[in-house]
Ligand code: C5P
């Protein structure tokens, strides 16, 4: 069967990664969480006191950043590694969410990440989620989905995820973070978050995960 690229873009915390993972499992495809890559870069910048405006330091830092994904056999989850160290839990914390969009606007960071993502998906057979997959990373993706949901639903989801990791964050702070990230992500100069003209819109405010997955799989069935 023909292998394709499935691009899932959209706003923060609207269920992209949950949907993408399940679609990947169903298709036997690789799943690539591009947000994790920007989060890992942010972690590295913070740990190494990289000034977000110092282009020379940023370029040097990017040379030293190696991001990989490995399957954890215990959880069956793909986890992010930064220079060989498992950073899956650390990069989901609120202090990373607070800074990640500032790092993601840096053109040098975007070029490096997009290049890696294109290499990861060059044999196709991937589900990639992010903000610019259908517009910049794989503009030729066979299936493009643009996901959104109302901000309260998204914040509640995010709060539950953080609680599962024993981080208690008030809903207001999460709403503020989501709104701030959406604004920075959709107004940046370099590959902003926008719905590709050929992407199907999926609003997940009032539907179940199964319905989200079905929606994507139906789009896939039209293409293969
Ligand atoms: O998907 P997640 O919420 O983990 O992404 C974190 C941040 O990474 C986003 O808010 C955005 O700033 C950035 N990002 C991006 N391009 C992508 C994926 C994520 O700019 N393809």
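The values are calculated or read from the model by the stated rules, or taken from the named source; none is laboratory data. Bear in mind the structure is a predicted one, so any value in this text is a computation, not a measurement. Counting neighbours? That spans all protein chains shown, and the Cβs are built from the backbone with ideal geometry, glycine included.
Here are the numbers:
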read-out: Residue identified as in contact with a helix residue (DSSP H, G or I) (Cβ under 6 Å, 6 or more places away or on another chain), away from the ligand (no atom under 13 Å from the Cβ) and not in a helix (DSSP H, G or I) among 202, 193; value: 202
read-out: Cβ pairs under 8 Å, 6+ apart, first in region 198-224 and within 16 Å of residue 4 (Cβ to Cβ), second exposed (fewer than 11 other Cβ atoms within 10 Å of the Cβ) and modelled with pLDDT under 95; value: 224/1; 224/2
read-out: Qualifying residue in region 34-43 (condition: over 22 Å from residue 111 (Cβ atoms) and either modelled with pLDDT of 95 or more or touching a strand residue (DSSP E or B) at 6+ places or on another chain (Cβ under 8 Å) (or both)); value: no
read-out: Filter pass, residue 70 being within 23 Å of residue 180 (Cβ to Cβ), surrounded by fewer than 20 Cβ atoms within 10 Å (Cβ to Cβ) and over 15 Å from the mean Cα position of the chain (by Cα); value: no
read-out: Those residues of region 155-185 which are without any contact (Cβ under 8 Å) to a residue 40 or more places away in the chain and under 19 Å from residue 133 (Cα atoms), in sequence order; value: 183
read-out: Odd one out for residue 201 among (1) in contact with a strand residue (DSSP E or B) (Cβ under 8 Å, 6 or more places away or on another chain); (2) surrounded by 18 or more Cβ atoms within 10 Å (Cβ to Cβ); (3) over 17 Å from residue 18 (Cβ atoms); value: (2)
read-out: Output for region 160-188, where each listed residue is more than 14 Å from the ligand (Cβ to nearest atom) and part of a helix (DSSP H, G or I); value: 160, 163, 164, 171, 172, 173, 175
read-out: Flag for residue 85 being more than 10 Å from the ligand (Cβ to nearest atom) and surrounded by fewer than 17 Cβ atoms within 10 Å (Cβ to Cβ); value: yes
read-out: In region 93-146, the residues that are more than 10 Å from the ligand (Cβ to nearest atom), under 14 Å from residue 33 (Cβ atoms) and in a loop (DSSP other than H, G, I, E, B); value: 121
read-out: In region 31-50, the residues that are away from the ligand (no atom under 11 Å from the Cβ) and within 25 Å of residue 192 (Cβ to Cβ); value: 31, 43, 44, 45, 46, 50
read-out: Residues of region 17-30 classified as more than 18 Å from residue 221 (Cα to Cα) and either touching a strand residue (DSSP E or B) at 6+ places or on another chain (Cβ under 7 Å) or away from the ligand (no atom under 15 Å from the Cβ) (or both), total; value: 1
read-out: Subset tally (residues that are assigned to a loop (DSSP other than H, G, I, E, B) and closer than 13 Å to residue 35 by Cα) for region 1-13; value: 3
